[in-house]
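> What follows is a single structure, and I will ask about it in a moment.
The values are calculated or read from the model by the stated rules, or taken from the named source; none is laboratory data. The structure presented is a predicted model; accordingly, all values stated were derived computationally and were not measured. All Cβ positions, even for glycine, are placed from backbone atoms using ideal geometry, and neighbour counts span all protein chains on display. Side chains included, ligands, DNA and RNA excluded: accessible areas come from the protein's heavy atoms. Shrake-Rupley method; radii C 1.70, N 1.55, O 1.52, S 1.80 Å.
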Amino acid sequence: MGSTVLGSSLLARAGSAPKRRKVVVITFGGGARDQETFAPEGQENIPHLMGELIPRSTFFTQVVNRGILGHYVATASLATGVYETINNFASLPPEHPTVFEYFRKDLKRPPSDAWVVAPSNGFNRIGESSHRSYGPGLGARVILPKHLLTAAISGGRSDYDHLLRDNYETPLYAPELGGSEFELQQLEKILKLSVDDFKAHARTLSSPDELSLYIARQLMRQVAPSLLWITMHDIDVAHAGAYSLYIEGIRRTDRLCADLWKTIESEPEYAGKTTLFILPDFGRDADDDSGGNGFQHHRTGDALSRTTWMMALGSGVRQGVVVDRATESTDLVPTLGSMLDFSASMAQGKPISELL
Ligand SMILES: [Zn+2]
């Protein structure tokens, strides 16, 4: 009797797929300074991170970005582990293999297992590099929610204008699409979302990042990718010069990150086996640097604009640990490689030992 029970449970275990670790990366807005986020005077702006997520995380207080401080090129650098030097305002792929390519090629994962949800059309090439050993066909699938919404509403924009501004830095830049981005007709097939439901739901949302989160959640439920990268961008409204809008962006991003964590914990495909990373792409200029205008931009390259933070929480990560030694933006990809068991062979950074 006993051996039968044991035998059948062993059989059941052998028959089910191994529990594979998943990773979700969220970039926390486009450029956020410590003093409006986790520094003592900023903590009131991130109540969800402070109260719910940081206590469960290993938190890095100094993540230095030594690359170009433009959002696309900096996010590409985060995704390759190399400080990319591509033109921030051109529709170009990263030059070094992305985390998505390492992941898919080394682990032989299908295209459906690595996805990017990105804020603006300028990010359409971020899913795969131009590197000759990787590149086309080996990258992530990219969803541009604003591009989808534009396609869905062709013509009647007025209800959606607040969601559709492409970026906050160069209003005249309209990149060509034509990478491997997700198209409107795939909405129903892959995300099980009718165009009408998508439009109706978008109307209720207050920001582009809320639209991104809505799409990311749908993706998690319907496709459940093992590697999901979400780039938030609302905070970059700071370029308009209104401090209150910048703070509002931070508060919204704080809430959306906590919402995403709740989704991870409640979705069976993710709960208990997912590691979540949250980090800004970089900071913003210091108030006392005469070369800039404080929070508004990130053009001086001063220490404040280069130094930011990162938190990791969930599967395999120790809780309540604070790490003050400096790490670099380029360390993320090698760390993901160690966690997921692929080799980020061309990345410049090093795996972060506190997370291994
Ligand atoms: Zn910016």
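> Considering only segment 130-141, I want to know if a residue exists there that is under 19 Å from the mean Cα position of the chain (by Cα) and crowded, with 24+ Cβ neighbours inside 10 Å.
Yes, some residue in segment 130-141 is under 19 Å from the mean Cα position of the chain (by Cα) and crowded, with 24+ Cβ neighbours inside 10 Å.
So that you can scan it fast, the table gives a plain yes or no per residue for (1) closer than 18 Å to Phe59 by Cα; (2) open to solvent by less than 10 Å² (accessible area, probe 1.4 Å); (3) modelled with pLDDT of 95 or more; (4) not hydrophobic (A, V, I, L, M, F, W, C):
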position	(1), (2), (3), (4)
Thr274	yes, yes, yes, yes
Gln296	no, no, yes, yes
Gly316	yes, no, yes, yes
Gln319	yes, no, yes, yes
Asp331	yes, no, yes, yes
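> So is Glu269 outside any helix (DSSP H, G or I) and either open to solvent by 20 Å² or more (accessible area, probe 1.4 Å) or modelled with pLDDT under 95 (or both) or not?
Yes; evaluated as a whole, the condition is true for this residue.
> I'm trying to understand the selection: among the residues of segment 19-43, which are of a type in the set (Lys, Arg) and either assigned to a helix (DSSP H, G or I) or within 13 Å of the ligand (Cβ to nearest atom) (or both)?
Selection gives Arg33 alone.
> Restricted to segment 71-107, and to residues that are among the small types (Gly, Ala, Ser) and surrounded by fewer than 22 Cβ atoms within 10 Å (Cβ to Cβ), which residue is nearest to the ligand (Cβ to nearest atom)? Before the answer, list the steps.
Looking only at segment 71-107, we keep the residues that are among the small types (Gly, Ala, Ser), and these are 74, 76-77, 79, 81, 90-91.
Keeping just the survivors that are surrounded by fewer than 22 Cβ atoms within 10 Å (Cβ to Cβ) gives 90-91.
Numbers: Ala90: 16, Ser91: 18 Å.
In this case the residue turns out to be Ala90.
> So, one more: When the residues of segment 161-170 are narrowed to those that are in contact with a helix residue (DSSP H, G or I) (Cβ under 6 Å, 6 or more places away or on another chain) and away from the ligand (no atom under 16 Å from the Cβ), which ends up modelled with the lowest pLDDT?
Across segment 161-170, the extreme among qualifying residues is Leu164.
> Would you be able to tell me the number of residues in segment 47-62 that are within 21 Å of His297 (Cα to Cα) and crowded, with 23+ Cβ neighbours inside 10 Å?
0
> Assess whether Asp281 counts as being among the charged types (D, E, K, R) and either open to solvent by 10 Å² or more (accessible area, probe 1.4 Å) or more than 16 Å from the ligand (Cβ to nearest atom) (or both).
no
> Taking segment 142-160, which residues are over 18 Å from the mean Cα position of the chain (by Cα) and either open to solvent by 10 Å² or more (accessible area, probe 1.4 Å) or on the phi > 0 side of the Ramachandran plot (or both)?
Thr150, Ala151, Ala152, Ile153, Ser154, Gly155, Gly156, Arg157, Ser158, Asp159
> A follow-up question, please. Being of a type in the set (Phe, Trp, Tyr) and within 13 Å of the ligand (Cβ to nearest atom) is the filter here; which residues of segment 287-313 pass it?
Phe295
> Something else about it: Can you list residue pairs whose Cβ atoms sit under 8 Å apart, with the first residue in segment 193-209 being over 24 Å from Tyr168 (Cβ atoms) and the second being in a loop (DSSP other than H, G, I, E, B) and of a type in the set (A, V, I, L, M, F, W, C)? Count only pairs 6 or more apart in sequence or on different chains.
Pairs that qualify, where the first residue is over 24 Å from Tyr168 (Cβ atoms) and the partner is in a loop (DSSP other than H, G, I, E, B) and of a type in the set (A, V, I, L, M, F, W, C), are Val195/Leu184.
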